[in-house]
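Down below is the structure, laid out as structure tokens.
The values are calculated or read from the model by the stated rules, or taken from the named source; none is laboratory data. Because the structure is a prediction, the values reported are computed rather than measured. Here the Cβ is made from the backbone with ideal geometry for all residues, glycine too, and neighbour counts use every protein chain on show. Ligands, DNA and RNA are stripped out before the accessible areas are found, and what is left, the full protein with its side chains, is counted by its heavy atoms. Shrake-Rupley method; radii C 1.70, N 1.55, O 1.52, S 1.80 Å.
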Amino acid sequence: MKSETRVAVIGGGVVGASVLYHLTKAGWKDVLLIERAELTSGSTWHAAGGMHTVNGDPNVAKLQQYTIELYKEIEQLSGQSCGVHITGGLMLAGTRERLDWLKMAKARGRYLGMDLEIITVDEAARLFPLLDKKHFKGAMYDPIEGHVDPYGVTHAYAKSAQLGGAEIVRHTRVTDLKARSDGSWDVITDHGNVHAEYVVNAAGLWAREVGRMVGIELPILAMEHQYLITGDMPELKGKKEQLHCIDFEGELYLRQERGGMLLGTYEKAGVPWSPTETPWDFGQDLLANDLERIAPSLEVAFEHFPALGDAGIKKVVNGPFTFAPDGNPLVGPVKGLKNFWVACGVMAGFSQGGGVGLALSRWMIDGDPGADIWGMDVARYGDWTTLAYTNAKVRENYSRRFSIRFPNEELQAARPLRATPIYERLQAANAVFGDYCGLEHSLWFAPSAQSAKDEFSFHRSNDFPHIAAECAAVKNSVGLLEISNYGKFEVKGPGAADWLSQVMANRVPAVGRIALTPMLNDRGKLVGDFTMCRVAPEHFLLIGTYAAESYYLRWFERHPPDHRVSIRPCAMEYVGLSIAGPNSRALLQELVRDDLSTAAFPFLSFKRMEIGMVRGFVGRVSFTGELGFEIWVTTDYQRALYDLLVSAGRKYDLRPFGGRALNCMRVEKSFGTWTREYRPIYGPFEAGLGRFVDFKKEKFIGRAAAMEESRGGGALRLLTFKLQTMDADALGDEPIWHDGKVVGWVTSGAFGHRVNHSLALGYVPAAIAGATSGFEIEIIGERHHAQPLSEAAYDAKGSRMRT
Ligand SMILES: Cc1cc2nc3c(=O)[nH]c(=O)nc-3n(C[C@H](O)[C@H](O)[C@H](O)COP(=O)(O)OP(=O)(O)OC[C@H]3O[C@@H](n4cnc5c(N)ncnc54)[C@H](O)[C@@H]3O)c2cc1C
């Protein structure tokens, strides 16, 4: 083994091998892969090798497409067969809801160029004669599904990487990692040490243990997974290879394996493997079979595919593989550690391994993953992911692998975990709670405790009239919303203003003022969206999306201020309440001595105030489009503040409202939000944030690229559409059609209760953004007329919030 390398990749499973290949392909030749045993010695060797393009996150789906297309390339380069069988695949729907879900998945696939097709049960039975038609309502056909040989794929990546200059050492275990002061790493192994500029943790089943070597607890857990192979079946003899098939109701997948069928299950009673520590002596071992655990799925399988019942079981495989709490990979550089990267938690290595390698190599070499990979970014998780939290969420995710997640369905595992001091107060007001980063927050308020629960649906549901009433209260008088679920950063010290001016695109506000600002990368794309509040000359409070806290901190680490400036994440130290509506000023004025008139405290003002006995920051901002105030207090004061507002609010019929009403109102105002309208694939002018980019400043990150975008206008445009729908609204990711062609995608949708029609926000090519007709948006398989609006649907001039 060499003693110096640019990159040390730990782990020779399908993911590590793909990372190694992609680094060499992108031109980094001085790279080394270190493998504890033989290549594939973790979960890779016993995988079923299935692959497919469909994923709930369209950006991850794109990388899955890339992975499947890559196999030809590495076969040709390496001369190693990947054993690719493209059979096509069927996803079977046993219920009406599942068929709706498939229609939505098909629609999402449209703008990714995926060739998915909804077919009848008869057509499904023609394609997959083993099924018993009476159990199904329809299916989706995907021509690009199939399976590969896990050994072949891993070795094809590895050989291709070696041909590109990479070195691979086997039977060498990394036992420790020590950071040097320059950010490089001493990689300690049982066969000597190597000094590496970068380390990539692709240690699969042991990624958690490798993380612990550098003091982090990665949110991953291995689950036992079983599949069985039947004896040879006469039904398959002399026939073309059977398609891949997913039967959601049975929670199982099927494919042909030689003369029999391979049948795997994601059973409800999934079992974690090595929940606290993965043994280092686990080799190419299998776990003991437990057919009883998967018996309920097998029963369904024998009913739905009767021929399986007579085929007998030739072999059972039970092996572990790892999952993150949401089932998507963990990829990217880790906040707080220099030059330490992860590519782990990859539960579908043969669909995702190529995409993970591509994104990681680009990110490491060019400083940018080259695609929107938020869905796989390790930074989407923060400090709330303890070992026990991960355990609960991964088990839930495994058990729901083939379950429908309705848009209004909140998952229940690991809850309630985090709550603010007014949680019981909100509960008493019949709040229906959602989980956001482990924190309980109110979604809507029901008229009684008994009715405080969601009826899951793709259509408008039981919350609809109550959200309407919440929006009406905000429009006509005043509403109260908890806003603790935002990320907050305190930036302080001499030079704080200069640093913010450099990192943010908008001008730094004067003391006592607020500026809304995008944060851009060098390519002029959005990497953040903040409310920047200036408390004192060198003291700021930044408010942004809480889920992106680690993502933002990682960015700040890459663009650090000088040592005099401190950046402190303080999300749960400050919690907040917002009041919005025409009576919000009168209400608050009763509680504060400061003058809240527009003359004294205009829109976008920010000031420390005493609200009764409570000391806090008051900002005059509005995400609802109405006159509004946000009040931030330290956690210990929140309950007193809540009681004060509720009591003073009685005479104004103050009504609590939740996140869903807020969403409806911000869509009516065409206000975007981070992870939906604002993502690193859009520029500020495309996203309608151009007015928040201050070119009067001579220097800020992304200035040159943003200037270019401002001249050309960018390739895309965010539009607001008025929709004609009956009982379902857009949710996000639906295709936007124009003149019979798919031209864009929806980022958010909601019913606008104040304007009394359905709305959607979405991106279309700039070239057609000026068209006034010809648009349609596809919702649950049906195309609806969509009228582009030239301005926000509600109070476009913004006079209500500035009044
Ligand atoms: C029964 C079963 C069926 C499956 N079916 C499918 C399927 O049909 N389709 C699909 O896409 N996926 C499937 N999977 C999942 C798939 O196996 C994983 O997605 C994939 O193997 C993950 O690869 P990896 O490289 O991340 O991890 P691993 O395969 O676990 O590789 C990690 C490697 O790192 C090495 N290593 C760890 N620590 C160290 C260290 N300290 N020093 C040196 N080396 C180290 C290990 O020896 C190992 O070789 C299945 C899994 C199982 C168990």
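Determine whether segment 354-369 contains at least one residue that is part of a helix (DSSP H, G or I), open to solvent by 10 Å² or more (accessible area, probe 1.4 Å) and under 21 Å from Trp206 (Cα atoms). For segment 354-369, residues part of a helix (DSSP H, G or I), open to solvent by 10 Å² or more (accessible area, probe 1.4 Å) and under 21 Å from Trp206 (Cα atoms): absent.
The selection criterion, being in contact with a Gly (Cβ under 8 Å, 6 or more places away or on another chain) and surrounded by fewer than 16 Cβ atoms within 10 Å (Cβ to Cβ), does not hold for Arg180.
Scanning segment 1-39 for residues that are within 6 Å of the ligand (Cβ to nearest atom) and not in a strand (DSSP E or B) yields a count of 9. Can you find even one residue in segment 197-214 that is surrounded by fewer than 21 Cβ atoms within 10 Å (Cβ to Cβ) and within 12 Å of Val9 (Cα to Cα)? Yes, there is a match, as at least one residue in segment 197-214 is surrounded by fewer than 21 Cβ atoms within 10 Å (Cβ to Cβ) and within 12 Å of Val9 (Cα to Cα). Please determine whether any residue of segment 81-96 is within 16 Å of the ligand (Cβ to nearest atom) and under 30 Å from Thr189 (Cβ atoms). Within segment 81-96, one or more residues are within 16 Å of the ligand (Cβ to nearest atom) and under 30 Å from Thr189 (Cβ atoms).
Applying the set (1) open to solvent by 10 Å² or more (accessible area, probe 1.4 Å); (2) in contact with a Pro (Cβ under 9 Å, 6 or more places away or on another chain); (3) of a type outside the set (Asp, Glu); (4) under 27 Å from Asp190 (Cα atoms) to Thr40 leaves exactly one unmet item: (1). The criterion of being closer than 17 Å to Ile514 by Cβ, outside any strand (DSSP E or B) and touching a helix residue (DSSP H, G or I) at 6+ places or on another chain (Cβ under 9 Å) holds for Leu588.
Among residues belonging to segment 691-737 that are of a type in the set (Lys, Arg) and part of a loop (DSSP other than H, G, I, E, B), point out the one that is farthest from Ser670 (Cα to Cα). Among those that are of a type in the set (Lys, Arg) and part of a loop (DSSP other than H, G, I, E, B), it is Lys699. In segment 683-690, the condition of being crowded, with 18+ Cβ neighbours inside 10 Å, within 26 Å of the chain's Cα centre (by Cα) and part of a strand (DSSP E or B) is met by no residue. Within segment 470-526, the set of residues being open to solvent by 10 Å² or more (accessible area, probe 1.4 Å), among the small types (Gly, Ala, Ser) and over 30 Å from the mean Cα position of the chain (by Cα) comprises Ala472, Ala473, Ser477, Gly493, Gly495, Ala497, Ala510, Gly512. Residue count for segment 350-370 under the criterion of being in contact with a helix residue (DSSP H, G or I) (Cβ under 6 Å, 6 or more places away or on another chain) and either away from the ligand (no atom under 16 Å from the Cβ) or closer than 23 Å to Gly544 by Cβ (or both): the result is 2. Under the condition of being open to solvent by 10 Å² or more (accessible area, probe 1.4 Å) and closer than 30 Å to Tyr389 by Cβ, which residue from segment 249-259 is farthest from the ligand (Cβ to nearest atom)? Filtering segment 249-259 for residues that are open to solvent by 10 Å² or more (accessible area, probe 1.4 Å) and closer than 30 Å to Tyr389 by Cβ, the one farthest from the ligand (Cβ to nearest atom) comes out as Glu249. For Asp326, the conditions (1) within 30 Å of Ala158 (Cβ to Cβ); (2) surrounded by fewer than 21 Cβ atoms within 10 Å (Cβ to Cβ); (3) away from the ligand (no atom under 16 Å from the Cβ) all hold with the exception of (3). When segment 267-286 is filtered for residues that are modelled with pLDDT of 95 or more, assigned to a loop (DSSP other than H, G, I, E, B) and within 11 Å of the ligand (Cβ to nearest atom), the ones remaining, listed by number, are Thr278, Trp280.
Would you check which residues across segment 643-664 are more than 18 Å from Trp444 (Cβ to Cβ) and not charged (D, E, K, R) and list them? Residues satisfying the conditions are Leu644, Leu645, Ser647, Ala648, Gly649, Tyr652. Just one of the listed residues (Ala139, Ala124, Ala107, Ala156) is buried (at least 22 other Cβ atoms within 10 Å of the Cβ) and without any contact (Cβ under 8 Å) to a residue 40 or more places away in the chain, and it is Ala124. Taking (1) touching a residue at least 24 places away in the same chain (Cβ under 8 Å); (2) on the phi < 0 side of the Ramachandran plot; (3) out of contact with any strand residue (DSSP E or B) (no Cβ under 9 Å at 6 or more places or on another chain) in turn, Asp795 satisfies each apart from (2).
Would it be correct to say that Phe406 is touching a strand residue (DSSP E or B) at 6+ places or on another chain (Cβ under 6 Å) and aromatic (Phe, Trp, Tyr)?
Criteria not met by Phe406.
Scanning segment 383-432 for residues that are assigned to a loop (DSSP other than H, G, I, E, B), hydroxyl-bearing (Ser, Thr, Tyr) and open to solvent by 30 Å² or more (accessible area, probe 1.4 Å) yields Thr386, Ser403. Within segment 32-46, residues that are under 14 Å from Lys159 (Cα atoms) reach partners that are near the ligand (Cβ under 6 Å from one of its atoms) with beta carbons closer than 6 Å, at six or more positions or on different chains, in the pairs Leu33/Gly12; Leu33/Gly16; Leu39/Gly12. Listed by first and then second residue, the pairs with beta-carbon distance under 6 Å, at least 6 apart or on different chains, first residue in segment 496-516 and modelled with pLDDT of 95 or more, second among the small types (Gly, Ala, Ser) and outside any strand (DSSP E or B), are Val508/Ala497; Val508/Ser501. Residues that are over 16 Å from Lys488 (Cβ atoms) and charged (D, E, K, R) do occur in segment 572-591, at least one of them. Among residues of segment 287-322 being open to solvent by less than 50 Å² (accessible area, probe 1.4 Å) and of a type in the set (S, T, N, Q), the one that is farthest from the ligand (Cβ to nearest atom) is Ser297. All conditions but one from (1) under 30 Å from the mean Cα position of the chain (by Cα); (2) in contact (Cβ under 8 Å) with a residue 60 or more places away in the chain apply to Phe623; the one that does not is (2).
Taking the criterion of being buried (at least 16 other Cβ atoms within 10 Å of the Cβ) and without any contact (Cβ under 8 Å) to a residue 60 or more places away in the chain, the residues of segment 761-778 that qualify are Gly762, Val764, Ile768, Ala769, Phe775, Glu776, Ile777.
Gln242: away from the ligand (no atom under 14 Å from the Cβ) and out of contact with any His (no Cβ under 9 Å at 6 or more places or on another chain), yes or no? Yes: the conditions hold for Gln242. The strands (runs of 3 or more DSSP E) located wholly in segment 160-238 that include 2 or more residues which are at pLDDT 95 or above and away from the ligand (no atom under 12 Å from the Cβ) occupy 174-179, 185-189, 192-201, 221-230. Between Glu251, Glu267, Glu241, Glu303, the distinction of being closer than 28 Å to Phe136 by Cβ and out of contact with any Asp or Glu (no Cβ under 8 Å at 6 or more places or on another chain) belongs to Glu241 only. For Asp115, the conditions (1) open to solvent by less than 20 Å² (accessible area, probe 1.4 Å); (2) away from the ligand (no atom under 16 Å from the Cβ); (3) of a type in the set (Asp, Glu) all hold with the exception of (1).
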